[in-house]
Structure formats: structure tokens, C-alpha cells
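Working notes, structure below.
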Amino acid sequence: MQRLIEVHPDHFHLKAPGASYVIELVRGTYLSHAHWGAPLESWGGANAHRGQDRAFAPNPDITDRTLSLDTLKQEYPNPGGSDFRSPAWLARTEPSSAAHSGEFVYRGHRLVTGKPLLAGLPSATSRSRDDCETLELDLEDGLTGLKAILSYTVFRTAPVICRSVRFQNSGKASLRLERALSMSMDFDLPEARLLQLSGSWARERTVRETVLGEGSISLESRRGASSHQHNPFVAILSAESTEDHGEVRGFHLVYSGNFLAQAETDQFGTTRLQLGINPWAFSWELAPGESFQTPEVILSYSAEGLGGYSRQIHRFIRDHLCRGPWVNRERPILINNWEATYFDFNEEKLSSIVQKAAPLGVELFVLDDGWFGQRRDDRRALGDWVVNRTKLPGGLEGIAKTTRQAGMKFGLWFEPEMVSVDSDLYRAHPDWCIHEEGRTRSEGRSQLVLNLGRPEVRAHVIQSLKLILDSGSIDYVKWDSNRHLTECDGSTAHRHMLGLYQVLESITSAYPEILFESCSGGGGRFDAGMLYYMPQVWTSDNTDAVSRLSIQWGTSIAYPPATMGAHVSAVPNHQVGRMTSVKMRADVAMTGAFGYELDPVVFSPEEAREVQDLNAWYKANRRTLQFGDFHRLKSPASHDAAAWMSVAPDKTRAVAFWFQIMARANAPQRVLRLKGLDPRKTYRVSGACAGEWSGSELMGAGIRLPDLHGDYTSIRLELQAN
Ligand code: GLA
């Protein structure tokens, strides 16, 4: 079998299918980043760094004024030396905190078959012994004895490299790590754009692109969660790249807490891209002999535009990041009672929802917030995970039984990381929350965060969840987290995140058949870290169909459709007040883990029939919609229309959607050019534009869409190859 990693005297060449990564060893001492992009047969250094004596560029070797770390393209830059750009790490010696420089130099390397697990952290995994190889590069700071092992895993199945760093204190004194980024990379890509997915609660992951120029762009979370505001994902698009053409390099940080993603472009146009745990308010004591593992970054390269990039990373996330039997299993159509009842429900009301939904083809009923303790509103009872018998006299077993008898599965909402101030748990253990002695305990939604860095708190959370999950009546869990971290000292936020990952590992591995959906006020933790434990995420608390077009469009750049929870909710929409048809709402929600978030009891007979038909249609096309190749056709950014489609991997089936946002009088003819079909196959198109055409015609010339009247209308096309 061909090796994925070549070791040469002066460089390392990592050869993934469709991409090469080259690191040069300069003077046997410095690791210089040489190439990450198009696949290369070999590396001869044709474009390698040539030393140049430049003004104001200091030199580590006084005999050579052409070598400066300020101009060398680096792999993991040191702090405080002759490089004035942003360092990848910083460690201070204890007890003196003055030391501000460090000099990692290359000491050696190792090749490892497969991919070692990252201690306590989520990461991409190999699925077989030889589907990847790992290169470990040893760096050492002679003065302190601090070591860093840079790890690079190359996959045989995809143009993907995973990078992370392990620090080891091999010195005699304690050190304090204050910056420990997962990766740094210097590259020259004139006029490249940085793509970010940013927003806020209910407006998550809006696409924004910025042309890189001198100075820095930093995206960060200081909230203790990856956040609604910025996603721990960025892509670098070369100047000419578009949705369908050109080079795209994507970077996912596999972490759900505070992060930094920074692109710093220097005086010569070289960009330094860095990702990792946010150094803001971060410090980690490293006693002699101790290690610190950074989270991992998944780097993926595509020469086929943003669309090609997305399809490739979707596959990789499904094949190498998400785990468990649900990853490639069709996700059930669910109905969640949150927007139907909020906290105001009893067994009778829930039963009526179940009885109404089951004959419509809904497969899973999810009981949301409010089923436990004194939880009559969002001011109390988090932590008291005991069923409220006033609301549910038959207990969870009662409503679970009703649900099963109706032929549906039963799911339950939890918010395990939190405690309400007004709760029995807080009264018993007021010190279990994250806090600083003598300081204000800031509340968010009247709740505090349990400090999962503490073993006894973790043990309690695991035990209370198991008490309920052991009943065997739960098929699905919605795992929520509805506030961010405050009053943390330097290591609290990361310790908490490691603790949360331990809890998630323990629970999700104990109940592999339960489908877990992660949530944080909607999409506040839609990140690669969470996807390692839970294969789907509630994409946003905003269920308005029009808002969802841009939220799901942006999310699809980095994450696969099957990971996106998407529901039809009632109108007027609860977040924006908009009226849209059931069809439009369903068409938007169908490209994902589909469901409902409304009260079906109020459906008219016509609406009930329509929903029944929608569900039947969805089931027939679900595999393509959830696991097909996703193609973005028209961006909703123009505010007039949007379109996307999904194609089965063997290209025999496809589904395309056109969404008209704003109607126009006397509008020009609309032609939709499809993508991803087999040009030689003939497709039977059903739906709004029925007929038979070749794939080449549907892609090359496009299909004429009928005129649509009214705002917020949609067209659905189903394609079947003959
Ligand atoms: C969060 C979730 C919602 C719902 C509520 C319940 O906001 O995103 O879907 O579960 O909590 O309190």
C-alpha cells in the first residue's frame, strides 16, 4: 500500500488524495510551512523561501542576515524572538512570570500507523487500521525543557489533514501555558478571502467573506461555548474561487469552547492563519512531567470551489467524525412540543399531540422543557431531574407508553450542564456551580453552570441522567445548554469543557441506540466537537422558513444536511411573526433532520392531509435529502429567491428546491441549472415541471420554472433516472 507520508532529509511531504502538505526543515532547526493545496508528485522547493536581508528583520544567526523568522513561513511560530507576527504558543516560567520568549527547535520525528486518540478530546477517527498515517514532529525549547509534539494525520480516503499539538513539560520547573494554539500556517495567496460563519442567537452562521489585506481578522468566542456569534470554522478562498470553481481550504476546530481563529496578513502579503483555544483568560499549569493536549483542527482542501469543498467535508464528517449507529441511519420525522405548549402542558395535552401526529406519519414525539421538578417557567428547577407528577401523573413511563402505543418513538429534553438557583440541587450544593469566591454569580436565564471540571459534579450529572435513561423508554435525547460561562479563572472554562466531553462520552457510549441531538439555544454549539458525540444539532431557535434559508445555507458550507435539525413551526412564526405556507416551511426544513414544532391538534382536515402527504413524500426521498450530495444553487443573500438540491451518491435520484422569497410583477423567465447529475442519464422530473430530460441538458441549459405568485412560495422537483 502506498505510503501517505514521505520523509526527506530537508522536507516532509504529506500526500492525501487530491492534496499535498509540505513542511520544510530549514537548517535542520526551523519548520517552515511550504505548501498546502494541489497534489504534488514531488517537492523540489521551486517556490521555497529564499533568504533575503531585509530592513528591520532581525536574525537568529548573527552570521546570516538573510535568515529572519519574521519573514520565514512557519509551521508553529515561537513567541518573543525575531518574528513579530502572532506566536502559536506562550509559556511562562513559574514563579517568575516575566519570561516572554520561547525557542522551539526541531528535534526529530516519528511515523505512526493510524491515528492516536486525543486524550479526553473529540477528534476525527480512523475507521480501519490503514486508512490514515500520522507524522509527529518533536520540538523542544532548550532553556525550559518544554516540548511540543506537532501531529499531522493524513487520510487515504479524503484530501484531509488533521493537526494538533501536545505539550510536555520535560524540564525541572513548573510552567504556565498561556497560549497553546492547535495550528498555525503561513501562506501566500494574494487577494484571498476569509469566509466566516457568524451571527447571533436566532441568526446563526451567516456567510461573510473578507478580502485579506495587511492587518488581522480575529474571530473569537469568550463565552465558554463555541457560540452563536462565531463558528469555530473558517475557509480561505483563493481570489478566483466561486461556488463551483477554484481553491478552497477549510479549517474546523474540533472544540466547543472558547476559541480563536485569526488571519494576520503581514507587510509582504503572507497570511498567518491560526486556530485554537482562545488565549484570552486562558492559562494552564504544567508541572514537570505533565502534558497538555490541544484540540484538533481538520484541514480540508478542494480545487472544486466551495460546493466541492462542502460535499467533501460533509462526507468526511459523516465517515470520520460522527460516531455510533445513527450516523448513516435515516433520522425519524419528529414532533417537538416546545412551540406548541412551552411550559404549559399536562399528560392529556401531550397525548392529544401524540394521537394527532402519529396517523400523519410522524415517527418520534419529543417532550421538551418543563417535565421535571417545579419547572413551570425558565426560572427554576434545572438540576432536579425527577418527573413532575402534577403535570404527568403517569410519569415519563405513562407518556412514553402512550407514544409507543400510537406507533411512535419517545424522546426527552435535558439541560444537564445547568442548575437553577431555585432548585433542590442548588440548595444542596451551592458550590457546584462555576463561580469565583467573593464575586457576583452572574445568572443567565436564571441559571448557573455546573462546574463539570469537578469529578463529583460529573458523577452526579451522569447518575441523574442514567436514572432516567435506564428506564429504557427513551429513544432520543435533546441535550440543551442555555447560557454561557462567566466568572471563570484561567483554566476553568477548558476544564469544564473537558469535563463535559467526559460526561458526553460516558452517556452516549452507554446508550448507543439513543439518538442524541445537541442544542444550545438553537445553534449556539454547532461545532465539530459536539458532532463527535451527537450526530445532529438543533440548527437554530429561529424556525421561520425565510430566516432558515440563510441559516441552513451558511451551515451547509461546513456541516452535512443530516446534522441539521429543521422543523416546520406554526404561523405567524414565533420569532419573526411571518406568515408562510406549510409547503414552503416544509420544503425549507426537508433538507435536514426533519420535524415539526407546533400543535397538530389545531390542523384543519386539509392541513392534516397536506402534512400527511408531505411526510410520505419526505420518507420516500429522505435518504437522498439527508445523505445525498448537497449542491447550493442560488444564494438567499439576494433576498429574492434561493435554491439548492440533493443528489443520491449513485446519481439515480435527486431532489431540487426553488424558494421564491419576494414575488416580482412581470418577472423575467426563471431558469434553474441543476448540478451534480449524471450528464449521460435521462431523468424523469416530477413535480412542478414534469418531463424527461438528460442530465447534461438539465445542468448545461437548465430547466424553466413556472411563474410563481406570492411571496414565500416554493417549487419542489423530484428527479428519477430512467
Ligand atoms: C432552548 C432550545 C429550545 C427549547 C428551549 C426550552 O432555547 O433551543 O428549542 O428546547 O430551550 O427551554
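The values are calculated or read from the model by the stated rules, or taken from the named source; none is laboratory data. Just so it is clear, the structure is predicted and the values come from calculations on it, not from any experiment. All Cβ positions, glycine included, derive from the backbone under ideal geometry; neighbour counts span all protein chains shown.
Just a few scattered comments:
- Residues (under 25 Å from Ala173 (Cα atoms) and surrounded by 19 or more Cβ atoms within 10 Å (Cβ to Cβ)) located in the stretch 119-148: Leu137, Leu139, Glu140, Asp141, Thr144, Leu146, Ala148
- Qualifying residue in the stretch 370-388 (condition: part of a helix (DSSP H, G or I) and more than 16 Å from the ligand (Cβ to nearest atom)): no
- Within the stretch 581-598, residues that are free of Cβ contacts under 8 Å to residues at least 40 places away in the same chain have Cβ atoms under 6 Å from residues that are of a type outside the set (Gly, Ala, Ser) and within 16 Å of the ligand (Cβ to nearest atom) in these pairs: Ala586/Val568, counting only partners at least 6 apart in sequence or on another chain.
- The stretch 338-351 - residue that is within 12 Å of the ligand (Cβ to nearest atom) and free of Cβ contacts under 8 Å to residues at least 60 places away in the same chain and, of those, nearest to Arg623 (Cα to Cα): Tyr342
- Only one of the numbered conditions (1) buried (at least 17 other Cβ atoms within 10 Å of the Cβ); (2) within 27 Å of the chain's Cα centre (by Cα); (3) within 16 Å of the ligand (Cβ to nearest atom) is not met by Glu363, and that is (3).
- Each residue in the stretch 427-457 was checked for being surrounded by fewer than 21 Cβ atoms within 10 Å (Cβ to Cβ) and either more than 16 Å from the ligand (Cβ to nearest atom) or assigned to a helix (DSSP H, G or I) (or both), and 17 of them qualify.
- Residue check, Asp319 within 16 Å of the ligand (Cβ to nearest atom), outside any strand (DSSP E or B) and charged (D, E, K, R): no
- Members of the stretch 500-514 that are buried (at least 18 other Cβ atoms within 10 Å of the Cβ) and either within 16 Å of the ligand (Cβ to nearest atom) or part of a helix (DSSP H, G or I) (or both): Leu500, Tyr501, Val503, Leu504, Ile507, Thr508
- In the condition set (1) more than 26 Å from Ile298 (Cβ to Cβ); (2) in a loop (DSSP other than H, G, I, E, B), Pro87 is compliant with all but (1).
- Of all residues in the stretch 371-409, those satisfying the criterion of being within 28 Å of the chain's Cα centre (by Cα) and surrounded by fewer than 22 Cβ atoms within 10 Å (Cβ to Cβ) are Asp378, Lys409.
- Residue match in the stretch 155-169 (condition: over 16 Å from the mean Cα position of the chain (by Cα), surrounded by 23 or more Cβ atoms within 10 Å (Cβ to Cβ) and outside any strand (DSSP E or B)): yes
- In the stretch 638-661, residue surrounded by the fewest Cβ atoms within 10 Å (Cβ to Cβ) [restricted to those that are at pLDDT below 95 and not acidic (Asp, Glu)]: Ser638
- Scope the stretch 532-548; condition among the hydroxyl-bearing types (Ser, Thr, Tyr) and within 15 Å of the ligand (Cβ to nearest atom); matching residues: Thr539, Ser540, Thr543, Ser547
- Taken over the stretch 407-426, the criterion of being outside any strand (DSSP E or B), touching a helix residue (DSSP H, G or I) at 6+ places or on another chain (Cβ under 8 Å) and within 16 Å of the ligand (Cβ to nearest atom) is satisfied by Pro416, Glu417.
- Subset of the stretch 458-484 [more than 30 Å from Glu363 (Cβ to Cβ) and either more than 16 Å from the ligand (Cβ to nearest atom) or touching a His at 6+ places or on another chain (Cβ under 8 Å) (or both)]: Arg458, Ala459, His460, Gln463
- Residues located in the stretch 269-308, provided they are of a type in the set (A, V, I, L, M, F, W, C), assigned to a loop (DSSP other than H, G, I, E, B) and at pLDDT 95 or above: Trp280, Phe282, Ala287, Ala303
- In the stretch 549-587, the residues that are under 18 Å from Met645 (Cα atoms), away from the ligand (no atom under 14 Å from the Cβ) and either modelled with pLDDT under 95 or not hydrophobic (A, V, I, L, M, F, W, C) (or both): Ser550, Gln552, Gly554, Thr555, Ser556, Tyr559, Pro560, Pro561, Thr563, Lys583, Arg585, Asp587
- Condition check for Gly490: free of Cβ contacts under 8 Å to residues at least 24 places away in the same chain, more than 30 Å from Thr713 (Cα to Cα), assigned to a loop (DSSP other than H, G, I, E, B) and out of contact with any helix residue (DSSP H, G or I) (no Cβ under 6 Å at 6 or more places or on another chain): no
- Close pairs from the stretch 212-227: first within 23 Å of Leu448 (Cα to Cα), partner acidic (Asp, Glu), Cβ under 8 Å, at least 6 apart: Ser226/Asp527
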